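Have a look at the structure below, then the notes.
Nothing in this text is a laboratory measurement; each read-out follows from the coordinates by a stated rule. Here the structure is a predicted model, which means the values were calculated and not measured. Cβ coordinates were reconstructed from backbone atoms using ideal geometry, including for glycine residues, and neighbour counts include every protein chain displayed.
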Amino acid sequence: MKAWILEKQAKIEEKPLRLAEVLTPHAKDGEIRIKILVCGVCRTDIHIAEGDLPLRKSPLILGHEIVGIVDEVGKDVKNFKVGDKAGVSWLNGTCGKCKYCLSNRENYCPDIKSTGWDEDGGYAEYITISEDTALLLSASGLEPADIAPLLCPGIAGYAAFKLTDAQKGSRLGLYGFGPTAFCVLKVAKSMGIEVYVGTRSPKNMEDAINAGADWAADTSKKQMPCKLDSAIVFPPAGNLVEPALSQVENGGKVVLAPVSSSPIVIENYSENLWGRTIETLYNVKKSEADEFLEIADRLQIIPERGVFPFEELQDVLIAVRHGKAKVANSVIEISAG
């Protein structure tokens, strides 16, 4: 099969990926093989390619926002059949035996495996994966290219949203407004939650209001009009944490969604932290992925996206890296079906 492989990390402008012919995988016991239709582009792919994250295998196939059709099933597979629409996200596998896996907290499993990092991902014609972590998408009415961007920012955003414990009638703040916050906004508004967005980008302010936000502005220049019950900080900016805490009422939560952050300093404990809780998003669970994808299909959450040919992957990665992509989400078409 054809696949883009990464053998040595380098700046994305140097085009470190190489389009090559590699062995086509086959489904083992308990696994399915997916003929990949599309794979979304994520900034994590760039972090791995450039060396911000260590290279855990070489050669490596990147990509973890995968949608395709099951074309082969291994022995003892019960939940998938040939012809099913299926997806693969960042969560590729866990040990299934540790205290975390046995208590429905597999996101903390010390042996968790990530698609496109620990295991080969979706910038290829086929992928195999355990049926336990594959996502059954046959009931979804959304197009594959619309589903792909939901498989990372959508699922992660939903997991962060659940940590806030936001309920109908509460006030939720979103600091930063990109694809992840867009999905959170859609889910929150469907539940009758007021949403207030802080972003420096005029375009993102407009997008947030058009998507249903109750208020959107640059919070470094304009105070939010009310206190919040909870908030989510999306950018890896530690200097946003204390302002978010100061805007949340006692008993509320601030959820930190990024996988890394600049230093966090709380200068005024009594006024801004005391009585409030900080949570961090740490990987995601299969149950959260299934829940969110059902909600996204019901609400018809369709993110802005553009579809690009398989052969143009590296040019797309460069555009995303430098903020020159003309759409919020880039999706690579690998097969027309």
Exercise. Where the only charges are on Cβ atoms (+1 Lys, Arg; -1 Asp, Glu), what is the dipole of segment 21-112 about its Cα centre, to the nearest 20 debye?
Worked result: 340
Exercise. Among 31, 72, 14, which one shows the biggest mean-square fluctuation in a GNM of the chain, springs joining Cα atoms closer than 10 Å?
Worked result: 14
Problem set entry | ³J(HN,Hα) computed for each position of segment 117-127 - Karplus, 6.51 cos²θ - 1.76 cosθ + 1.60, integer Hz, glycine/proline x | 9, 7, 10, 4, x, x, 7, 7, 7, 9, 8
For this session: Give me the aspartates and glutamates in straight-line cross-link reach of residue 113: C-alpha distance below 14 Å, same-chain residues under 8 apart excluded.
Result: 132
Exercise. When Rg and Dmax of the Cα atoms in Å is calculated directly from the model, which label among (i) 20.5, 65; (ii) 20.0, 60; (iii) 23.3, 76 fits?
Worked result: (ii)
Seminar exercise, completed: Ordered by fewest other Cβ atoms within 10 Å, a rough proxy for footprinting exposure, 327, 241 read 327, 241
For this session: Might you report the magnitude of the Cβ-based charge dipole of the chain about its Cα centre, with Lys and Arg at +1 and Asp and Glu at -1, to the nearest 20 debye?
Result: 420
Problem set entry | Residue-by-residue Karplus 3J(HN,Hα) for segment 272-277, coefficients 6.51, -1.76, 1.60, Hz, glycine and proline x | 10, 10, 3, x, 10, 10
Exercise. Order of 120, 45, 111, 214 from fewest to most other C-beta atoms within 10 Å?
Worked result: 111, 214, 120, 45
Problem set entry | Unsatisfied cross-links (Cα-Cα over 32 Å) in the set 2/99; 221/253; 85/186; 11/99; 189/286; 2/286 | 2/99; 11/99
For this session: Using Cα positions and a limit of under 20 Å, work out the lysines in reach of residue 8, with same-chain residues fewer than 8 apart set aside.
Result: 57
For this session: Over the chain, calculate the relative contact order: mean separation of alpha carbon pairs under 8 Å at least 6 apart, over the residue count, as a percent.
Result: 18
Seminar exercise, completed: Inter-part gap, Cα centre of segment 240-305 to Cα centre of segment 34-96, in whole angstrom, is 26
For this session: Along Cα→Cβ, 7 Å out, is where each label goes; now give me the distance between the ones at residue 222 and residue 265 in nm to one decimal.
Result: 2.9
Exercise. What aspartates and glutamates could a cross-link reach from residue 162, if we take a straight Cα to Cα line under 12 Å and drop same-chain neighbours fewer than 8 places away?
Worked result: 279, 288, 291
Exercise. DSSP loop trypsin sites (Lys or Arg not before Pro) in segment 17-122 with at most 15 other Cβ atoms within 10 Å of their Cβ, which ones?
Worked result: 28, 56, 57, 75, 78, 81, 97, 99, 105
Seminar exercise, completed: A correct fewest-to-most ranking of 115, 94, 133 by other Cβ atoms within 10 Å would be 133, 94, 115
